[in-house]
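Written below as structure tokens is the structure these notes are about.
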Amino acid sequence: MEITGLITALLIGAIIGGLGRVVVPGRHRISVVMTILVGIAAALVGTLAASVLGVANTDGVDWIELALQVGLAGGGVAALGGMKARQTH
């Protein structure tokens, strides 16, 4: 992965984190910074998973890759939110 690809992944990751936060219902007990970090991780892992599945490079928008990334981000936001909720009780 080149540096431009890494920078793009980080920017897309921030967007993916926001989308992950949107798809998870309820109150989110994690910070915006943590949401962005979850999104970055989800974008990188989702891209890797899409590459392994052979759906990373398709014509047009890579909807399957995007769905993987947003789903992973949503799962990460929900998991961290659940951990924070348990810590406060």
Just to be sure I understand the model, the point goes 7 Å from the Cα along the line to the Cβ. What's the resulting Leu48 to Val33 distance in nm?
2.4
If I compute solvent accessible area with a 1.4 Å probe over the protein chains, what percent of it on the chain is carbon and sulfur?
71
Neighbour-limited loop hits for trypsin sites (Lys or Arg not before Pro), the range 1-45 (at most 10 other Cβ within 10 Å; DSSP other than H, G, I, E, B)
Arg27
As a check on your grasp of the helix formula, calculate [θ] at 222 nm for the chain: sum -39500 (n - 2.57) over DSSP H runs of n ≥ 4, divide by the residue count, round to the nearest 500.
-27000 deg cm²/dmol
Given C-alpha coordinates of the range 1-45, what is the ratio Rg to Rh with the Kirkwood estimate of Rh?
1.05
Applying the Karplus parametrisation 6.51 cos²θ - 1.76 cosθ + 1.60 with θ = phi - 60° to the phi angles of the range 48-55, what ³J(HN,Hα) value in whole Hz is obtained for each residue in order, glycine and proline being reported as x?
4, 4, 5, 5, 5, 7, x, 10
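Give me Rg over Rh for the chain, both radii from the alpha carbons and Rh done the Kirkwood way, two decimal places.
Numbers: Rg = 13.6 Å, Rh = 13.2 Å.
Reported Rg/Rh (Cα atoms, Kirkwood Rh): 1.03.
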For the chain, with every protein chain kept in place, what is the accessible area per residue (1.4 Å probe, Å²)?
64
In Hz, Karplus ³J(HN,Hα) per residue of the range 12-26 (6.51, -1.76, 1.60; θ = phi - 60°; x = Gly, Pro):
5, x, 5, 5, 4, x, x, 5, x, 5, 5, 6, 8, x, x
Sorted from largest down, give the three principal axis spans of the alpha carbons of the range 36-83, whole angstrom values.
38, 17, 15
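The values are calculated or read from the model by the stated rules, or taken from the named source; none is laboratory data. Just so you know, these numbers come straight off a predicted model, no measurement behind them. Glycine gets a Cβ as well: all are built from the backbone with ideal geometry, and neighbour counts include every protein chain shown. We work out accessible area using only protein heavy atoms, side chains counted, and drop any ligands, DNA or RNA first. Shrake-Rupley method; radii C 1.70, N 1.55, O 1.52, S 1.80 Å.
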